[in-house]
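My structure is below; once you've seen it, I'll send some questions.
The values are calculated or read from the model by the stated rules, or taken from the named source; none is laboratory data. None of these values were measured; they are calculated from a predicted model. A quick note on method: Cβ atoms are made from the backbone with ideal geometry, for glycine too, and the neighbour counts reach across all protein chains shown.
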Amino acid sequence: MSGKSNNKNSPMNPEPFGNWFKSFQQFMNDAPVKGFLDTIDDFFRQPMFAQATFPVSVRELGDQQIVTAELPGIKKEQIGIDILGNRLTISIKKQDVYIHEDDKRNVYQQKESFQQMNRTITFPQPIDEKKVKASYRDGILEITVPKIKGKAIDINE
């Protein structure tokens, strides 16, 4: 038997790529690369269509219909309401900018996100946009849509 050991981890037979792996791991954990990799991780941690929509309910109250949308964290300026025929569309455009600075106010990471969401409600009759009213308070958008009465048609014999 020779004096060599068959054990791969023995000091006589060091792993040939050990130093390279240590250097690579250190490089991946340094600030610029780690920040970039964290951003990629954040992207894939989020579900693909998370918050792609928002809850909306429609209820009848006498001669009007009330549309309620739950929009927590949304500012009034980020909301759009459009009417076309018998369709009412609520649009949300939200843009966030996050800037991380060090003690000397040097920016070392900046994230920007833009999110657009739409919900369209179809009514059985055309909407008179001049009579629609909307209010927004505490994250709740409420839109009042008056019902339009059609003309009853008599059936001849």
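Could you grab me the full set of residues in region 67-96 that are free of Cβ contacts under 8 Å to residues at least 60 places away in the same chain, closer than 15 Å to Glu129 by Cβ and part of a strand (DSSP E or B)? If you could, list the steps in order and put the result at the bottom.
Initial filter on region 67-96 (free of Cβ contacts under 8 Å to residues at least 60 places away in the same chain): 75, 77-78, 80, 82-96.
Pick out the ones that are also closer than 15 Å to Glu129 by Cβ and you get 80, 82-90.
Scanning region 67-96 gives Gly80, Asp82, Ile83, Leu84, Arg87, Leu88, Thr89, Ile90.
Further question: Any idea how many residues of region 129-157 are farther than 30 Å from Pro72 by Cβ and surrounded by 11 or more Cβ atoms within 10 Å (Cβ to Cβ)?
Summing the residues that are farther than 30 Å from Pro72 by Cβ and surrounded by 11 or more Cβ atoms within 10 Å (Cβ to Cβ) in region 129-157 gives 1.
Go through (1) modelled with pLDDT of 95 or more; (2) of a type in the set (Gly, Ala, Ser); (3) not assigned by TED's automatic domain parsing to the domain that holds Thr68 and name the single condition Ala152 misses.
(1)
So, one more: What single numbered condition from (1) outside the structural domain of Glu142 (by TED's automatic domain parsing); (2) modelled with pLDDT of 95 or more; (3) small (Gly, Ala, Ser) fails to hold for Gly35?
It is condition (2) that Gly35 fails.
Sticking with this structure for a sec: State the number of residues belonging to region 112-126 that are farther than 13 Å from Ile66 by Cα and either surrounded by 13 or more Cβ atoms within 10 Å (Cβ to Cβ) or touching a residue at least 40 places away in the same chain (Cβ under 8 Å) (or both).
The total comes to 6.
Residues in region 82-111 that are under 18 Å from the mean Cα position of the chain (by Cα), farther than 16 Å from Phe54 by Cβ and modelled with pLDDT of 80 or more: how many?
1
Further, regarding this structure: For residues in region 100-111 being over 30 Å from Glu70 (Cβ atoms) and in contact (Cβ under 8 Å) with a residue 24 or more places away in the chain, which is surrounded by the most Cβ atoms within 10 Å (Cβ to Cβ)?
Gln109
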